[in-house]
Amino acid sequence: MTSESLQASRGTHDIWGTEIRLWQFLEQHARRILGQANYQEIRTPIFEATELFNRGIGEGTDIVSKEMYTFTDRGERSLTLRPEGTAGVVRSLIEHKRLQQGVQRCWYQGAMFRYERPQAGRQRQFHQLGVEVFGSDDPRSDVEVIALGLEFLEALGLSHLTLELNSVGDPEDRQRYKAALVDYLTPYASDLDPDSQVRLTKNPLRILDSKNPATQKILAEAPQLPEYLGQDSQRHFERVQSGLTALGLAYELNPRLVRGLDYYTRTAFEITTRELGAQSAVGGGGRYDQLVQELGGSATPAVGWAMGLERLVGLLQKRGETPAPDLDFYIATQGEGTANLSLQITQMLRRHGLRVEMDVSQSALGKQIKRADKLGCQACVIVGESEVATGDITVKWLATGVQELVAFPSGFSDSAVWRQKLRPNP
Ligand code: ATP
Ligand code: MG
């Protein structure tokens, strides 16, 4: 009797093989770019108290109202798998009193969970890379985080990127705008799509985000958020734009851009690409000067972004990015008497810092050499009974087919010799 085989849950996927190398490459790239700007990595727990997200993200948002993975643990606590990274980072900085220690720059990377309808570029477990700067309302910190995001993407070789920019104002500005928007939309209420009708009372700004054509048409004549900005937000917005221009970064103003989370103030932005089809947003972020206070900390301005890593990996795959070969040597063996010698050669080469796989398949020599080729090894070390007897080991260079005899152990002990013979590691 065979038992039924198990599959990964809907909206999740396994990452391995050539794909994992793209992930590792992305992670290294992030470490380098963000390290240069002195951002510190932070790793917060995957689950948090549900209340953190209810308060932090906002009850009226899509995430909190229908996308969270919430469960009760055995101690009757309501916990939620994090749907985004910022709330947890803020909770941590408040808890460890780090916000009293001047400006804090940090970044995170990891799995996020949202109950969404899975499709290309949209999963239930996905990964985000994010940055946050706490403790500064200087428009230059907005510019710095935006520039870092663009730098990160451009250094990956991604093009066709568009930076969309808006200001959602201070809470008072938004209050005035909200009232004007509701005044304008109410007479059309019955023509709005059902989601937008609900939002009209719950969260009217989110209607701006609707993709429904009828709603879009009504919105065309609606009052626009930037016209409602107070003097301070207006000035902040101008200085952000001026900073971006000074760095030669192009942007498109999008007065309808509001972000999915409730906590944004002033700057809001999104980075999109034409290369991704329907799920065109690579990432987005903005300023969130209210969130720290909302979560029980002292008033602390902040700005940040998050990017979807699946979408970046997808872009790299589409471009046919081929990760570099993984291995320098393959140790092929033939005959029982070669066991210890193959172990010793493997250890010696690894201690030189070389990348070595030892065959343990016990298959025919020809098959072992084929595997070495397939793995992208530069050379195959062949250890047979005659090699054990003479101490002269055959090394076959796979690109040329040239073979040489190397004495064991003397010929293997000098790492400089091997480094010279090998193509440089990528
Ligand atoms: P969208 O409008 O595409 O749902 P969002 O506004 O919900 O995006 P954010 O919360 O701003 O997204 O997350 C930042 C980035 O994370 C997005 O731009 C996207 O690249 C990625 N992302 C968001 N949700 C998912 C998901 N379910 N699967 C894969 N990537 C995602
Ligand atoms: Mg979403």
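Just checking, how many residues over segment 203-232 are part of a helix (DSSP H, G or I) and either closer than 15 Å to residue 180 by Cα or within 30 Å of the chain's Cα centre (by Cα) (or both)?
Final tally of qualifying residues: 12.
Select the helices (runs of 4 or more DSSP H) contained entirely in segment 85-200, then report the ones holding at least 1 residues which are modelled with pLDDT under 95.
Fully inside segment 85-200 and qualifying: 139-155, 171-185.
If you check 294, 275, which single one turns out to be acidic (Asp, Glu), more than 16 Å from ligand 2 (Cβ to nearest atom) and touching a Leu at 6+ places or on another chain (Cβ under 9 Å)?
Matching residue, one of 294, 275: 275.
Is there any pair linking a residue in segment 80-101 that is in the same structural domain as residue 113 (by TED's automatic domain parsing) and within 14 Å of residue 294 (Cβ to Cβ) to one that is at pLDDT 95 or above and among the small types (Gly, Ala, Ser), with Cβ under 6 Å and at least six apart or on different chains, and which?
From segment 80-101, the pairs are 94/297; 99/297.
Being within 16 Å of ligand 2 (Cβ to nearest atom) and either outside the structural domain of residue 247 (by TED's automatic domain parsing) or small (Gly, Ala, Ser) (or both) is the filter here; which residues of segment 112-160 pass it?
Hits for segment 112-160 are 120, 121, 130.
Yes/no per residue for (1) charged (D, E, K, R); (2) farther than 16 Å from residue 350 by Cβ; (3) not assigned by TED's automatic domain parsing to the domain that holds residue 349:
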position: 370; (1), (2), (3): yes, yes, no
position: 373; (1), (2), (3): yes, yes, no
position: 376; (1), (2), (3): no, yes, no
position: 389; (1), (2), (3): no, yes, no
position: 401; (1), (2), (3): no, yes, no
position: 413; (1), (2), (3): no, no, no
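So which of 300, 338 is of a type in the set (Val, Ile, Thr) and in a loop (DSSP other than H, G, I, E, B)?
None of the others qualify; the one that does is 300.
Assuming residue 65 fulfils every condition listed in (1) surrounded by fewer than 19 Cβ atoms within 10 Å (Cβ to Cβ); (2) assigned to a helix (DSSP H, G or I); (3) more than 16 Å from ligand 2 (Cβ to nearest atom) apart from one, which condition is it?
(3)
Being in a helix (DSSP H, G or I) and within 19 Å of residue 120 (Cα to Cα) is the filter here, so list the residues in segment 243-294 that pass it.
Those that are in a helix (DSSP H, G or I) and within 19 Å of residue 120 (Cα to Cα): 274, 275, 276.
Restricting attention to segment 117-167, which residues are acidic (Asp, Glu) and free of Cβ contacts under 8 Å to residues at least 12 places away in the same chain?
138, 154, listed by residue number.
Looking only at segment 48-58, count every residue that is within 16 Å of ligand 2 (Cβ to nearest atom) and either touching a strand residue (DSSP E or B) at 6+ places or on another chain (Cβ under 6 Å) or assigned to a loop (DSSP other than H, G, I, E, B) (or both) and tell me the total.
The number of residues fulfilling the criteria is 2.
Consider segment 220-236. How many of its residues are among the polar types (S, T, N, Q) and over 23 Å from residue 140 (Cα atoms)?
Total meeting the criteria: 1.
On the given criteria, is residue 65 modelled with pLDDT of 95 or more and either more than 18 Å from residue 306 (Cα to Cα) or of a type outside the set (Ser, Thr, Tyr) (or both)?
no
Mind checking which residues of segment 93-133 are polar (S, T, N, Q) and within 16 Å of ligand 1 (Cβ to nearest atom)?
Listed by number, the residues that qualify are 109, 119, 123, 125, 128.
The values are calculated or read from the model by the stated rules, or taken from the named source; none is laboratory data. This structure is a prediction, so every number in the text was calculated from the model and none was measured. Glycine also receives a Cβ, built like all others from the backbone with ideal geometry; neighbour counts cover every protein chain displayed.
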